[in-house]
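In what follows, a structure is listed as C-alpha cells, so that the remarks can point back to it.
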Amino acid sequence: MKRLVVLAVLAGLLPSIRTFAQEAGDGAAPTVLTLDQAIQIALSENIAVRVADKDIERAEYARKGTYASLFPQVDGSSSYSRTIKKQVMYMDFDIGSFGGGGGAGGSDDPETKAGGGSGGNGGGIEVGRWNTYSAGVQASMPLVNAQLWKSLKISGQDVELAVERARSSRLETVTQVKQAFYGVLLAKEAFNVYKEVYENALDNFTQTEKRYNADKASELEYQRAKSTVQNAIPNVYDSENAVVLGLWQLKAVMGIDLDEDIDVAGSLMDYSTTMFRDIVENDDVTLEKNSTLRQLAIQAEELANTVKMQQYATLPSLALSFSYSINAMANDFKFSTYNWSPYSAAGLSLSIPIFAGGRRSNAIKQARNQHDQLILQSENTERQLKVAIRQYLNQMETAMKNFNAAGSGVETARKAYDIAAKSYNLGRSTITELNDARLALTQALLAQSQSVYNFVVAKANLEQTLGNDIES
C-alpha cells in the first residue's frame, strides 16, 4: 500500500529516470518534486517511519496477548510409560491363613507365606502392569485478579505510547525533509549567484582583452581580469557539487533510491513573501501537542498504574480450574481390549499473599521512585522546550531583519556594480573597483538567500517542537 502511494505521487509528476533513460538517453529530465510531494513520499518510504509503524503493530500484538489472559487456558497432555521392573508390595500377615492354612495341603515354608509363591521377591507381591497410557485436558481461568486487570490497562497505554512515538517519528521526518529541501534550494541559489559572477567576470575579461589589444588597458588590468575569471571557476564547481550532495541528502531522508534523478521546485525567494505573517506571537505558543511531553505524560500514567499493580499484588486472587483424563494399564498391546478409566475434577483456588520477604513492598517503592523521576524529567524537558521555542522565534525574527537589511544591501550593491561596470567600460575606473563592486553584490545576494534559509529552517524546527499536526 505504501509503495502505491509513492508510485501515485511520482506518476502524477514526471516519469522516473529509468523510463527517461530508455526513451531519451542521457538527456533525460529529472523528476521535479515540490515540498509537499517530498514530504508525502517520505512519510511512506522513510525507514524511521516504517520502523515506528512496526512498533505499533508489536504493541498491538502484546496488548492482545495480555487480554488473552482473561480467557480460559486449555492444555492437552498424553503420556506412555513402559515398566522395566515392577514394584513389589509386602504385607505383615500370612496369606496362607486365608487359604485354609494348617489344614491338609498347608505349608510352613516361608517362601509361600505373605507372597503367594514368588520366591524371587522375598515373599512380596509384584504390582502394576507393564504398559501405562494416559491422556487428558486441563483448563484454568482467572475469576478475580486485580493485578491482571491493571496490567491490561498498562498494555493499552503501551499501544498509545507506540502511536505517539510513531507521530514523533513522522514529525521528525517532516522536519528533516524540509531542512534537506531548503538546503537544496540554498545550494541552487548559491550556484546561480556564483554562475552569474563567473559570467560577469568572463564578460569583463572579454572587454578588458579587447581594450588590452587596442592598447587602452594595461597588462595589470588584463591579468587581474583573467585572474578573476579563474578564481570564479572553483566557486561554480563547489556550489554545483553542493546541489548534488543536497539532492542525495534529500533522497536519503525521503527513503527513495539514490540513483533516482530528482530536482526540487521553486526557490528560496518564494518563501520570503510569507516571512512576515509566519512570525508567531509568544501568546500563541503552546506545548500541548509536543510529542516529547505527550510521551512523558503517557509514561507517567503507566508508572502510576504500575504502582497500583504492585499494590494489587497483595490482594487475594481467585481462579477456576478443570481437568479431565483417561488412563489404561495393560501387559500387552491389544488396544481394543483395554479398560480406560476416566477421571475429572473441577475446583476453585484462592491465593492469599501473606509474606514475601519484603519483595512486594520494595517493588512498590521502586515503581514510585521511577514515577517521581519521570515527573522531574518532564518538568526539566518542558523548561528546555520553552527555551528552544524562544530561540527559534528569535532566530526567525533575526532572519527577517537580516532579510530586510540584505534586500536593501542587494539593491545598493547592484546599483554600485552597474555604475562601476559602466565606468570601467568608459575607462574611468579600474578593474579592482569593478571586482570590489562585484564582490559586494555577491555577498549581498548570498546574505539575502541565507537569511531566508535561516528563517524557514528555524520555522521547521519550531513546528516540530510545537508538534503541529501533519497536513494531509
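Looking at region 156-263, I'd like the Rg to Rh ratio, where Rg is from alpha-carbon atoms and Rh is Kirkwood's inverse mean 1/r.
Rg divided by Rh gives 1.37.
Could you list, in their original order, any pairs among LYS54/LYS308; LYS289/LYS459; LYS64/LYS153; LYS64/LYS289; LYS251/LYS289 whose Cα atoms are separated by more than 19 Å?
Where the Cα-Cα span goes over 19 Å, the pairs concerned are LYS54/LYS308; LYS64/LYS289; LYS251/LYS289.
How far apart, in nm, are the 7 Å Cα→Cβ label points at ASP332 and LYS64?
Between ASP332 and LYS64, the label points sit 5.2 nm apart.
With only Lys, Arg, Asp and Glu charged, each at its Cβ (+1 for the first two, -1 for the last two), find how big the charge dipole of region 363-427 is about the Cα centre; round to the nearest 20 debye.
For region 363-427, the charge dipole is close to 40 debye.
For region 248-358, max minus min Cα coordinate along each principal axis, in Å, sorted largest first?
Between the extreme Cα coordinates on each principal axis of region 248-358 lie 95, 47, 25 Å.
With the Cα gyration tensor of region 315-412 in hand, convert its eigenvalues to equivalent ellipsoid semi-axes via √(5λ) and list them largest first in whole Å.
78, 27, 10
Counting every Cα pair in region 162-219, what percent are over 14 Å apart?
Above the 14 Å cut-off, region 162-219 has 73 percent of its Cα pairs.
Values in this text are rule-based calculations from the coordinates and carry no lab data. None of these values were measured; they are calculated from a predicted model. Cβ sites come from the backbone with ideal geometry, for glycine too, and all protein chains shown count toward neighbours.
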